[in-house]
Amino acid sequence: MYKFFIFIMLTINVPAFANDLQMTLSSQELYQGGVIHLKIHEKEGEKPALRWLDKEVHLLYRPDKKIYEGFIAADLAQKPGTYDLILSLTPSGETTHKKLKINAKDYGVRKLTLPAGQVNLSQENLERVNNEKRVIDRLWEKAETPAAFKTPFIMPLESEVIGPFGRKSIINDQPRSPHTGVDLRGKKGTPVKAANDGRIVFTGDHFFTGNSVIIDHGGEIFSMYFHLDKINVNNNAIITRGEVLGTVGSTGRSTGPHLHWGMRINGMRVDPVSFVKVSSHMEE
């Protein structure tokens, strides 16, 4: 059974700032593939900027609550260690550093047996796979849109996790890349829902992922839905949380009907199930 991590809300009083500024984190450390939700309480006349792992963190301003909020993540392959979370204010230029620890995590190993043609690729299929990878990589390079969502993320399919995030893969006795999403059990034709509001930035049929949909939720957050039987949306369509985008299938490299669901935050591959849990802090 898949187990959620429990995240404890802790408040950090930032001593370098006036008393009216606080930053609240959902955890003081995270694992490889993990996510932290944060809130920065508004300080009049100042705009916060946040950097984590040498990247700007996109912040969603909530005027009704007088806060900025966002997510910081650690990629599945991020080197364990202690890193700086850097908060700065404009126009004052005040800056503070918060140390956060990234811990190693062993997600285990899965062994699969697939037809040889899906593992040892022909030159033609290898060229196809490389071309498809370039298409998807370009999506991450253009990720500069503001957050399109204002509510927590949801599961696209209420189902059992049959392929956990992060497990290393041995396919036909050959070591392969780790699993960068989760596999959710589902019967062919079961509706698949959008995890949150956003824009459809990719639909297509790829060698490994089959019928695929990718949503840009803004703020450099993407969700991916693979091995679909049918796709019900079009590129550039605006989609809302819970809207049906397709149905469960077994297209691409798949051993049976299921949904492979992945998430990227600021280019980092994270556990989508844990992310849904962490995003629930947006309601607090």
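The values are calculated or read from the model by the stated rules, or taken from the named source; none is laboratory data. Computed from a prediction, not measured in an experiment: that's the story for all the values here. Using ideal geometry, Cβ is built from the backbone for each residue, glycine included, and neighbour counts are taken over all protein chains shown.
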Checklist outcome for this item: Among residues of segment 264-275 being of a type in the set (A, V, I, L, M) and more than 14 Å from L184 (Cα to Cα), the residue surrounded by the most Cβ atoms within 10 Å (Cβ to Cβ) is V270
Checklist outcome for this item: Residues of segment 75-91 being of a type in the set (S, T, N, Q), surrounded by fewer than 16 Cβ atoms within 10 Å (Cβ to Cβ) and either modelled with pLDDT under 95 or not in a strand (DSSP E or B) (or both), in sequence order, are T90
Checklist outcome for this item: segment 168-221: strands (runs of 3 or more DSSP E) wholly inside it with 1 or more residues that are in contact with an Asp or Glu (Cβ under 6 Å, 6 or more places away or on another chain) and in contact (Cβ under 8 Å) with a residue 12 or more places away in the chain are 182-185, 198-206, 210-216
Checklist entry - Is it the case that V248 is in the same structural domain as S169 (by TED's automatic domain parsing), β-branched (V, I, T), within 25 Å of R128 (Cβ to Cβ) and in contact with a Gly (Cβ under 8 Å, 6 or more places away or on another chain)? => result yes
Checklist entry - Which of the residues that make up segment 58-81 are among the small types (G, A, S) and touching a Gly at 6+ places or on another chain (Cβ under 8 Å)? => result G70, A73, A74
Next on the checklist: Residues that are surrounded by 14 or more Cβ atoms within 10 Å (Cβ to Cβ) and among the β-branched types (V, I, T): does segment 105-115 have at least one?
Outcome noted: no
Next on the checklist: Looking at segment 92-104 only, could you name the residues that are surrounded by 11 or more Cβ atoms within 10 Å (Cβ to Cβ) and either among the small types (G, A, S) or free of Cβ contacts under 8 Å to residues at least 12 places away in the same chain (or both)?
Outcome noted: S92
Item to check | Subset of segment 200-254 (residues that are among the charged types (D, E, K, R), surrounded by fewer than 22 Cβ atoms within 10 Å (Cβ to Cβ) and modelled with pLDDT under 95) | outcome: R253
Item to check | Residue that is nearest to P164 (Cα to Cα), among those in segment 1-35 that are in contact with a helix residue (DSSP H, G or I) (Cβ under 7 Å, 6 or more places away or on another chain) and at pLDDT 95 or above | outcome: G34
Next on the checklist: Can you pull out every residue in segment 92-109 that is among the small types (G, A, S), more than 14 Å from K43 (Cα to Cα) and either modelled with pLDDT under 95 or in a strand (DSSP E or B) (or both)?
Outcome noted: G108
Checklist outcome for this item: Note: among A148, A143, just one is at pLDDT 90 or above, surrounded by 11 or more Cβ atoms within 10 Å (Cβ to Cβ) and among the small types (G, A, S), namely A148
Checklist outcome for this item: Matching residues in segment 230-243 (over 17 Å from P152 (Cα atoms), of a type in the set (A, V, I, L, M) and either without any contact (Cβ under 8 Å) to a residue 12 or more places away in the chain or assigned to a strand (DSSP E or B) (or both)) number 2
